[in-house]
1. Go through (1) among the hydrophobic types (A, V, I, L, M, F, W, C); (2) touching a Lys or Arg at 6+ places or on another chain (Cβ under 9 Å); (3) without any contact (Cβ under 8 Å) to a residue 40 or more places away in the chain; (4) under 20 Å from residue B:116 (Cβ atoms) for residue B:280 and report which single condition fails.
2. Restricting to segment A:112-143, name every residue that is over 23 Å from residue A:173 (Cβ atoms) and touching a Ser or Thr at 6+ places or on another chain (Cβ under 8 Å).
3. Of the conditions (1) among the acidic types (Asp, Glu); (2) surrounded by fewer than 24 Cβ atoms within 10 Å (Cβ to Cβ); (3) out of contact with any Pro (no Cβ under 8 Å at 6 or more places or on another chain), residue B:93 fails just one. Which one is it?
4. For residue B:211, all conditions in the list (1) away from chain A (no Cβ under 11 Å); (2) touching a strand residue (DSSP E or B) at 6+ places or on another chain (Cβ under 9 Å) hold save one; what is the number of the exception?
5. Need a quick list: strands (runs of 3 or more DSSP E) entirely within segment B:114-208 having at least 3 residues that are crowded, with 20+ Cβ neighbours inside 10 Å.
6. Which is farther than 22 Å from residue B:299 by Cβ, touching a helix residue (DSSP H, G or I) at 6+ places or on another chain (Cβ under 6 Å) and of a type in the set (Gly, Ala, Ser), of B:173, B:200, B:164, B:117?
7. Need at least 3 residues that are among the β-branched types (Val, Ile, Thr) per element, so show me which strands (runs of 3 or more DSSP E) inside segment A:294-375 make the cut, counting only ones lying wholly within it.
8. State the number of residues belonging to segment B:22-66 that are touching a strand residue (DSSP E or B) at 6+ places or on another chain (Cβ under 7 Å) and at pLDDT 75 or above.
Amino acid sequence: MLEFGRPAFLFAGAALALVPLLLHLIARRPPERSPLPTARFLTPDTRTALRIERRPTDILLLVLRTLFLLILALGFAAPRWVAARTGTIELILLDRGRGMAGSWPEAVDSARALVAAAPDARVLVFDTTVSTLRMDADDDAAWNTLRSGGVAGVESDYADAFRALASATDRTRADSARVSLITAPRWGAWSEGTSLVRESAWPGAIRLIELPLDLPASPLPASPFTASVLGAGTEYASAALDAIGVVLGSDTATSDLLLVFDTLISEADGASLLERIRGGATVIIAGGSVQGALSEVLPWRSSDAPGALPPVTFDDGAQLDDVVSMRPGTPLAGAALIAAGANGRAAAVSTTHGQGCLVFFAGSLAARDVALARGYTAALRRLARGCAGPAGTGTRGSGTDVLPLDAAARDVLSGPGLPREVALAAFEGERSGRALGRVLLALALAIAVVETWFSHRRRRL
Amino acid sequence: MKPRSASPELLPPQLLDRLGGLEIIARTVVHGFVAGLHRAPYRGSGREFAGHRAYQQGDELRHIDWRLFGRSDRFFVREFREDANLQAYLLVDATASMDFGDAGGITKLRYAQILAAALAHLMLAAGDAVGLASFDEHVRMHAPPRSRRGHLHDLLLELERLRAHGNAGAGQAVEQVSAMLRRRGRLILITDLLEEDDGAALIEALGRLRARGDEVIVVRPLTQAEQGLARAGPRRFFDPERPDREVPAAPESDPGFARRVAIYYDAMGRKLRERGVEYVPLSTGQPIEHALREWLAARTAAA
């Protein structure tokens, strides 16, 4: 079947294709001149003689022009021919990573129970590689073999497991799956694998069967403050902060850390925030606009200077890949640089005010694309430190912090209700199938050449 | 002349035109024309015996009167009064309106060229002295009447060179040619009769020519489209001799067009006949041989 990466071009093409039709209907052409030596004997008939006269080539030109626009739009819509896949299949992701050592037998039993409930289910056993097994729930020998095989000596990779979902359905041609994940869930700064999960299953499309984590968790740095998140995109930020050990409080009046995302801060709100900063709180402003007294102490001045380009690198080494709406401007004198873009432009600055700290991020941290990006929690962690500076050399947030799944993140992932189908195309990464865009653009070019020839020939007649 | 056992199929003018040069075409026309006749089309009146004279070196042997030689043992040649008798002029209208033809057919000028070539062929074969002239506003080309061998070739060359341009001036052309006809002659005018003054000057000039004893024949080729007999959709029509005057019209839905054209030419024919001028209306879609036969039949009947 045909899939489109940019379907908006189809609508644009359909609208544009009406233009030749309208021009064809309203076009007027003066009638031809013809010699006739006995013309003096004709009765002038302006109304009949000057009517629209169409030639068959006009229809052909109309068809060619309409086809050209439609095929051009089709080409720009990034079409791909993907082998048709239908149906839903049961898939069981069985984590065999190092952290499952203590609960491996229990994990295998859970998988067997799921297979018993869905005999056509497939079991994907993964650590850093993935093996797809067709298991019969009554095949004791097979299950015993699996159990006795034990766990791998490496940490598992969720990313590879989720990507394998698509290939696991090759023979069945299913296009969606009901996925159960048997794991000791952990989140390491929004790894690439969890990004895939969150994009397709956020919230609640994957059934999570939790088992105790058997890895020493990295000690969480003691959270020096309670935090509140205000504005848009709070659920992503809240889950991310929760994952890095920042306690979320509901009372903004007592929170030590205030994150204000994509919000218009009025004079009154600004004055209130300014008071909190003076009293020792750290306020992070990302997106939105600031009015009143707070704007006077903001360590940023908007200008025509270009904004920071991704990736944004923080002074502790953390890196945020996807950033949106980076605001053009420059930091004011005296502001501390926290992060910069790939083009060297400032991306985040801080300034002390009273006993507190005002942090400004010249972009949005609430957009879904940013929140699902690699390095999001690391970025929040650094921003939360505010004027305190980076903690040691710092690390990127993926894969090195082993944190147990916290309640907030688990709730966001699992969501309410039973797991629903997950579209497997979401796990394919770069879409499979055959790209047809260039072929269609070449076809459009050929039609344009033919149209030009016919149009030139018609003018000569 | 004995009739042939089977008449060759007559070619439509547009196919006839593809045979080659005018010489071949004229010969084909004459051949086809004569094939169905029981006698010669007409007798030239240019070879009237005028008497004998003594043979001189250089005289053509075919003119030697061998009977007289047998009686006298001396060579005498016959002399003829052809140059003292009939001269014929073919006067061809070469104005812009003649450069018009039906779709897929030949133009009136081409039809006139072929007709003139055939008539020259016939008249020269009958011993007439034939001249040629063409005109637009004035006489543009003039070949004096001759009857010698090879004159047909010269006439055909001049006919091939004719090109249509300019506006009509048939009356003036007839006057000029009339002055060149020193004695009793024949004028065959091939024209579409589309004159600015509806042909008044032309008719007057032809009438004067007829009045002094000359034989005057007007052959009028006309296309189907000009007669309103061909399908023609709405256009902006213009007379080639007056291209700035457009007439937006739809001939298909103008039933009076064909009638008005017919009335005009009927009136022209009546005026010409009133003055003793022979009027031969032809259609360019008609095979020329057929047209000549009809014309001959009409002349014979009138005689």
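The values are calculated or read from the model by the stated rules, or taken from the named source; none is laboratory data. Here the structure is a predicted model, which is why all the values come from computation and not from measurement. Here the Cβ is made from the backbone with ideal geometry for all residues, glycine too, and neighbour counts use every protein chain on show.
1. (3) is the only condition that residue B:280 fails.
2. Those that are over 23 Å from residue A:173 (Cβ atoms) and touching a Ser or Thr at 6+ places or on another chain (Cβ under 8 Å): A:127, A:128.
3. Unmet for residue B:93, out of (1) among the acidic types (Asp, Glu); (2) surrounded by fewer than 24 Cβ atoms within 10 Å (Cβ to Cβ); (3) out of contact with any Pro (no Cβ under 8 Å at 6 or more places or on another chain): (2).
4. Failed condition: (2).
5. Output list reads B:129-135, B:185-190.
6. Matching residue, one of B:173, B:200, B:164, B:117: B:164.
7. In segment A:294-375, the matching strands (runs of 3 or more DSSP E) lie at A:346-353.
8. 9
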